[in-house]
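Student: Just dropping this structure here.
The values are calculated or read from the model by the stated rules, or taken from the named source; none is laboratory data. Just so it is clear, the model here is predicted, and its values are computed rather than measured. Note that we place each Cβ from the backbone using ideal geometry, even for glycine, and neighbour counts take in every protein chain shown. Note: areas computed on protein heavy atoms with side chains; ligands, DNA, RNA excluded. Shrake-Rupley method; radii C 1.70, N 1.55, O 1.52, S 1.80 Å.
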Amino acid sequence: MRPGELVGAIGGLGLLVALFLPWYSSGDDNITAWNAFSVTDIVLAAAAVIGMSVAACVLLRISVSYPFAGSSVATGFGAVAAVLIVIRMINPPGYGAIGLEIGAWLGLVSAVAVCLGGYLGMQPLKAPKASAA
């Protein structure tokens, strides 16, 4: 497995975990991404699954072409997820005093990792250097 697939898989797993952690707090209430969003959470879950699917495909040797194609899709979904998270961090849902919690920060880092892993997964393999004997 190449570093791009590993970074994307770790980012995808982190993003999936972040969806279940508290993203916002209002008084004594903690709100997860599943409770706070109506469509954004589905996009974030899709980005997480796509990020992990590339590594799963490589590990299980399902397809030769999917790692490259899946990496390009993971790059796009990771970038969209990161932008959506930043927008929701700047403009949280609801009214009143709402604080950001650990889930939002972990989600942002994980979405960037999915995007970065996808980008690294699209890079061509380098031929090994011949040793001078």
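Student: Pick from Ala74, Ala56, Ala45: which is without any contact (Cβ under 8 Å) to a residue 60 or more places away in the chain, touching a helix residue (DSSP H, G or I) at 6+ places or on another chain (Cβ under 9 Å), crowded, with 17+ Cβ neighbours inside 10 Å and closer than 30 Å to Leu125 by Cα? Steps first, answer last, please.
Tutor: On the way: Ala74 fails: without any contact (Cβ under 8 Å) to a residue 60 or more places away in the chain; Ala56 fails: crowded, with 17+ Cβ neighbours inside 10 Å.
After applying the criteria, what remains is Ala45.
Student: Output the residues belonging to the range 49-71 that are closer than 14 Å to Gly12 by Cα and small (Gly, Ala, Ser).
Tutor: Gly51, Ser53, Ala55, Ala56, Gly70, Ser71
Student: I've got another one for you. Can Ile50 be described as surrounded by 17 or more Cβ atoms within 10 Å (Cβ to Cβ) and under 18 Å from Val109 (Cβ atoms)?
Tutor: Here the answer is yes, as Ile50 does meet what is asked.
Student: Can we say Val64 is over 30 Å from Pro124 (Cβ atoms), open to solvent by 50 Å² or more (accessible area, probe 1.4 Å) and of a type outside the set (Gly, Ala, Ser)? Steps first, please.
Tutor: Working: over 30 Å from Pro124 (Cβ atoms): no; open to solvent by 50 Å² or more (accessible area, probe 1.4 Å): yes; of a type outside the set (Gly, Ala, Ser): yes.
Answer is no for this residue.
Student: List, please: which pairs have Cβ atoms under 6 Å, are six or more places apart or on different chains, and start with a residue in the range 88-112 that is touching a residue at least 40 places away in the same chain (Cβ under 8 Å) and end with one that is polar (S, T, N, Q)?
Tutor: Short answer, once both residue conditions are applied: Ile98/Ser26; Gly99/Ser25; Glu101/Ser25.
Student: Can you tell me which residue in the range 10-41 is surrounded by the fewest Cβ atoms within 10 Å (Cβ to Cβ), limited to those that are in a helix (DSSP H, G or I), hydrophobic (A, V, I, L, M, F, W, C) and at pLDDT below 95?
Tutor: Trp34
Student: Do we find that Gly76 is farther than 13 Å from Ser110 by Cβ and in contact with a Gly (Cβ under 9 Å, 6 or more places away or on another chain) in this structure?
Tutor: In short, yes.
Student: Can you tell me which condition Ala69 does not meet? The list is (1) without any contact (Cβ under 8 Å) to a residue 24 or more places away in the chain; (2) closer than 22 Å to Val54 by Cα; (3) open to solvent by 80 Å² or more (accessible area, probe 1.4 Å), and all the others hold.
Tutor: It fails just one condition, (3).
Student: Can you tell me which residue among Gly103, Gly99 is in contact with a strand residue (DSSP E or B) (Cβ under 7 Å, 6 or more places away or on another chain) and either closer than 16 Å to Val7 by Cβ or at pLDDT 90 or above (or both)?
Tutor: Numbers: Gly99 fails: either closer than 16 Å to Val7 by Cβ or at pLDDT 90 or above (or both).
One residue alone meets the criteria, Gly103.
Student: Pairs under 7 Å by beta carbon, first residue in contact (Cβ under 8 Å) with a residue 12 or more places away in the chain in the range 13-37, partner of a type in the set (S, T, N, Q) and open to solvent by 50 Å² or more (accessible area, probe 1.4 Å), six or more apart or different chains?
Tutor: Correct list of pairs: Pro22/Asn30.
Matching residues to (1) touching a Phe, Trp or Tyr at 6+ places or on another chain (Cβ under 6 Å); (2) surrounded by 15 or more Cβ atoms within 10 Å (Cβ to Cβ); (3) of a type in the set (Val, Ile, Thr):
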site: Ile85; (1), (2), (3): no, yes, yes
site: Pro92; (1), (2), (3): yes, yes, no
site: Ala97; (1), (2), (3): no, no, no
site: Gly103; (1), (2), (3): yes, yes, no
site: Leu106; (1), (2), (3): no, yes, no
